[in-house]
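So the structure is just underneath, and the comments pick up after that.
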Amino acid sequence: MNKKHKRINVIQPFLPDLKEFIPYLEKIWDSKWLTNNGQFHQQLEKELAEFLGVKHICLFANGTFGLIIALKALEITGEVITTPYSFVATSHSIVWNKATPVFCDIDENNLNIDPEKIEELITNKTTAIMPVHIYGHPCDNERIQTIADRHNLKVIYDAAHAFNVKQNDHSILNWGDLSVLSFHATKVFNTFEGGAIVCHDKDMKRKIDDLKNFGFHSETEVATVGINAKMNEVQAAMGLLQLKYVEDNISKRKKITEYYRKYLKNVEGIKYFSYIPNVTANYSYFPIFVDKNKYGKTRDELYEILKKNNIFPRRYFYPLISQFSSYQNFDSTSKYNLPIANKIAEQVLCLPIYPELDIENVKLISEIIKLKK
Ligand SMILES: *Cc1c(COP(=O)(O)O)cnc(C)c1O
């Protein structure tokens, strides 16, 4: 294969034309209001809630702060049942709240937490379930809610991948007690860094807004020990501008996904997700799964082949969170029994996908995978 093309990374952040951003910056410079619920911050909360079809949005400096504060706002303690097949921030947020993550295996079909296996992990210390809509694919939300209701548990969704995902035309962000988005540079919608909590009522929004601003409830009252996790005006301005492009970007991602599916269709030993009925997807990732027996090479061998060709996919999510050394002290009964998650973590490779990726390069990447060299 030729190496003449430029390096292709798994993701390239989307940035609108700089000229379009300047007027926003001029407004910030004029107002000298840089943070603390400024004009752009208020506008973005409003526009995002409308765009996403949710009641309330609380903006954050990043998604991880959103996750930590979501658990804090719900006063989560004890044990939280979650998935090992995610980015480390999911379970880190549990540990930052001094609670214990209990890892549940995943469903082979959608790679999300397997509702079938949640109940056997519930103890008298369990207070919450924290699922992740991995790759933006909806969890089995109805069954998760039924289990939560039966055992009086909270549900906090890590929805970092699920920006604007809908099921039967309704946002999946309305499930559970709270959902948390990430607007990191590498996500479908970015504010450089950023995030948000989606919540259902004004009182909860107020509680979360206090928590992200040191606990200030008024000028003279600090009722809880909060933190500083606020989004600033430059981030919020970027969000307002990005919002104008996000639908177009998602349709470009869709096109790329369709080409990958077409080009990789008959490659023995390579699996990928097909269209999910009733779901309006955001095409945030394009994971493939390498079956070494059928493909003739391991996932890591394919990973090396692509890198030699100047293409840099990522093994999202390998290793499993439960495999990191920082998680070896949690003696969760489930730790050594995650067969599906372990298998998938050994097979997965996320191929490059971002709005500006040329279809020519999608073809090239697919050819390399076919030729295995
Ligand atoms: C990106 C991501 C986060 C963290 O979000 P940040 O905005 O980077 O803090 C959390 N969970 C998952 C699943 C993610 O992919």
Whether any residue in the stretch 160-177 is crowded, with 24+ Cβ neighbours inside 10 Å, assigned to a strand (DSSP E or B), touching a residue at least 40 places away in the same chain (Cβ under 8 Å) and in contact with a Leu (Cβ under 8 Å, 6 or more places away or on another chain) is what I want to check.
no
Verdict on LYS265 being outside any strand (DSSP E or B) and either touching a strand residue (DSSP E or B) at 6+ places or on another chain (Cβ under 8 Å) or closer than 30 Å to ARG143 by Cα (or both):
no
Show the residue pairs that are 6+ apart or on different chains and have beta-carbon atoms under 8 Å apart, the first residue being within the stretch 54-66 and farther than 10 Å from ILE197 by Cα, the second being assigned to a helix (DSSP H, G or I) and within 9 Å of the ligand (Cβ to nearest atom).
THR64/ALA89; THR64/HIS92; THR64/SER93
Can you tell me which residue in the stretch 148-159 is nearest to the ligand (Cβ to nearest atom), limited to those that are in contact with a strand residue (DSSP E or B) (Cβ under 8 Å, 6 or more places away or on another chain) and part of a loop (DSSP other than H, G, I, E, B)?
ALA159
Tell me, please, whether a residue that is in a helix (DSSP H, G or I) and touching a His at 6+ places or on another chain (Cβ under 8 Å) can be found in the stretch 275-296.
no
Those residues that are farther than 15 Å from ALA70 by Cβ and modelled with pLDDT of 95 or more, I need them from the stretch 221-230; list them, please.
GLU221, VAL222, VAL225, ASN228, LYS230
Criterion first (assigned to a loop (DSSP other than H, G, I, E, B), hydrophobic (A, V, I, L, M, F, W, C) and not assigned by TED's automatic domain parsing to the domain that holds GLU116) does LEU364 satisfy it?
no
Scanning the stretch 131-147 for residues that are part of a helix (DSSP H, G or I), within 13 Å of THR83 (Cβ to Cβ) and under 13 Å from the mean Cα position of the chain (by Cα), the one nearest to the ligand (Cβ to nearest atom) turns out to be ILE134
Would you be able to say whether some residue in the stretch 198-207 is without any contact (Cβ under 8 Å) to a residue 12 or more places away in the chain and over 23 Å from ILE144 (Cα atoms)?
yes
For residues that are β-branched (Val, Ile, Thr) and either within 11 Å of the ligand (Cβ to nearest atom) or modelled with pLDDT under 95 (or both), tally how many sit in the stretch 189-207.
1
Test result for GLU258, free of Cβ contacts under 8 Å to residues at least 40 places away in the same chain and part of a helix (DSSP H, G or I)
yes
Listed by range, helices (runs of 4 or more DSSP H) wholly within the stretch 1-114 having at least 1 residues that are within 14 Å of the ligand (Cβ to nearest atom) and over 28 Å from ILE340 (Cβ atoms) are 63-73
Can you go through PHE324, PHE317, PHE289 and tell me which one is within 22 Å of the chain's Cα centre (by Cα) and buried (at least 21 other Cβ atoms within 10 Å of the Cβ)?
PHE317
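The values are calculated or read from the model by the stated rules, or taken from the named source; none is laboratory data. This structure is a prediction, so every number in the text was calculated from the model and none was measured. FYI the Cβ positions are ideal-geometry reconstructions off the backbone, even for glycines, and counts take in every protein chain you see.
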